[in-house]
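Novice: One structure coming up, written as structure tokens, with questions to follow.
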Amino acid sequence: MAHMAITVGFDLDMTLIDSRPGIRACYQALSERTGTYIDADLAVTRLGPPLAEELINWFPAEEVATMADVYREMYPSIAIAATPALPGAQEAIAAVREAGGRAIVVTAKYEPNAKLHLAHLGIEPDAVIGDLWAEQKAEALREHDAGVYVGDHVGDVRGARTAGALSVAVATGPCPAEELRAAGADVVLTDLTEFPGWLSDYRPARA
């Protein structure tokens, strides 16, 4: 059985893309626009959770929804061009396709902005599902029958496990390898450059 019709889900921020430069610039612009201090360097060390979970550190609770809207509106002109793909991102998606599978992106990021990132970088998954975090990601993973979910955060591990998918973690985000293993990741890779080799070994085992 040479090909497996497997669906692999990928997280976006710090899994496929290094979103730190763009997000840092966007927080700095939001700070300037509102006159509210935001430690953008600190904020980009804890990427993964939804935007509101970061904004609550800098704005009163009643202003968070409005500030999130302002941030998302500013985001395309500030963050997209500043954000590179992480090493191995294109090759990881290609490896899934070459194996006869489907590659989807499931992210906590606002979906229109997630799509702008992927289009800018020429990464073309089969589907992009945004606005889902941690266990919520299981909804999309189940809907698309994903057997594997690749992410950089313990929240991604929880999402994979909730969906009954194999959790493949990459140590390219805020969570070190030991923390990802402790959270229950089935496989921990240094980064996505190791993913095609892992996938080629994984398929015969499943077949």
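The values are calculated or read from the model by the stated rules, or taken from the named source; none is laboratory data. Everything quoted here is computed from the prediction, not taken from an experiment. All Cβ positions, glycine included, derive from the backbone under ideal geometry; neighbour counts span all protein chains shown. These area figures cover heavy atoms from the full protein model, side chains too; ligands, DNA and RNA do not enter into them. Shrake-Rupley method; radii C 1.70, N 1.55, O 1.52, S 1.80 Å.
Novice: Could you tell me the center-to-center distance, by alpha carbons, between the range 66-112 and the range 1-42 in angstrom?
Specialist: Each part reduced to its Cα centre gives a spacing of 8 Å.
Novice: Keeping every protein chain present and rolling a 1.4 Å probe, give me the accessible area per residue for the chain in Å². List each step's numbers first, then the result.
Specialist: On the way: 8990 Å² over 207 residues.
Counting only protein heavy atoms, the per-residue value for the chain is 43 Å².
Novice: Per the helix-only calculation at 222 nm, which mean residue ellipticity applies to the chain, given -39500 (n - 2.57) for every DSSP H run of n ≥ 4 and division by its residues, nearest 500 deg cm²/dmol? If you can, show how the numbers build up before the last one.
Specialist: On the way: 10 runs with 96 residues, N = 207.
Helix contribution divided over all residues of the chain: -13500 deg cm²/dmol.
Novice: Which residues' amide hydrogens lie under 5 Å from the amide hydrogen of Gly101, considering only partners 5 or more residues apart or on another chain, with H built in the peptide plane?
Specialist: Ile6
Novice: Here's something else I'd like to know. For labels at Ser200 and Thr45 in the simple 7 Å Cα→Cβ model, what's the distance in nm?
Specialist: Placing both labels 7 Å beyond Cα along the Cβ direction yields 3.9 nm.
Novice: Convert each backbone phi in the range 172-184 into a coupling constant with the Karplus relation 6.51 cos²θ - 1.76 cosθ + 1.60 (shift: θ = phi - 60°), then list the ³J(HN,Hα) values in order as whole Hz, x for Gly and Pro.
Specialist: Couplings: 9, x, x, 9, x, 3, 4, 5, 5, 4, 4, 6, x Hz.
Novice: Taking amide H positions as placed in the peptide plane 1.01 Å from N, state which residues far from Ser19 in sequence (5 or more) or on other chains have amide H under 5 Å from it.
Specialist: Met14
Novice: I've got another one for you. If you project the alpha carbons of the range 45-141 onto their three principal axes, what span does each projection cover, largest first, in Å?
Specialist: Each principal axis gives a Cα extent; for the range 45-141 these are 48, 30, 23 Å.
Novice: Once the other residues with Cβ under 14 Å from the Cβ of Gly151 are scored (Lys, Arg +1; Asp, Glu -1), what is the net sum? Could you put the intermediate results ahead of the total?
Specialist: Working: positive: Lys109, Lys137, Arg158, Arg161, Arg181; negative: Asp11, Asp13, Glu135, Asp152, Asp156, Glu179, Asp186, Asp191.
Value of the local net charge: -3.
Novice: Give the shape of the range 77-207 as rounded, prolate or oblate, defined through the alpha-carbon gyration tensor: a ≥ b ≥ c are the square roots of its eigenvalues, a/c under 1.5 means rounded, and otherwise the shape is prolate if a/b is larger than b/c and oblate if not.
Specialist: Numbers: a/c = 1.35, a/b = 1.22, b/c = 1.11.
Note, shape of the range 77-207 comes out rounded.
Novice: How large, in percent, is the carbon and sulfur part of the accessible surface of the chain at a probe radius of 1.4 Å? Spell out each step's value before the answer.
Specialist: Numbers: 4450 of 8990 Å².
Of all accessible area on the chain, carbon and sulfur atoms account for 50 percent.
Novice: What net charge do the residues around Leu192 carry, taking every other residue with its C-beta under 10 Å from that of Leu192, with Lys and Arg at +1 and Asp and Glu at -1?
Specialist: Working: positive: none; negative: Glu91, Asp152, Asp191, Glu194.
The answer is -4.
Novice: List the DSSP H helices in the chain whose Cα atoms stretch 24 Å or more along the helix axis and whose mean Kyte-Doolittle hydropathy is at least -0.5. All intermediate terms of the calculation are to be shown ahead of the outcome.
Specialist: Working: long enough: none.
Membrane-span-like by this criterion, though nothing is claimed about a membrane: none.
Novice: Further, regarding this structure: If amide H atoms are built 1.01 Å from N in the plane of the peptide, which residues on other chains or at least 5 residues away come under 5 Å of the amide H of Val128?
Specialist: For Val128, whose amide H was placed from the backbone, the distant partners under 5 Å are Val105.
Novice: If you don't mind, there's one more thing I want to ask. From the phi of every residue in the range 50-59, what ³J(HN,Hα) in whole Hz does the Karplus formula 6.51 cos²θ - 1.76 cosθ + 1.60 yield, where θ is phi - 60° and glycine or proline is x?
Specialist: Per-residue couplings from phi come out as x, 3, 4, 5, 8, 4, 5, 6, 10, 10 Hz.
Novice: Once both labels are modelled 7 Å past Cα along the beta-carbon direction, what's the Ala94-Glu179 spacing in nm?
Specialist: 3.2 nm
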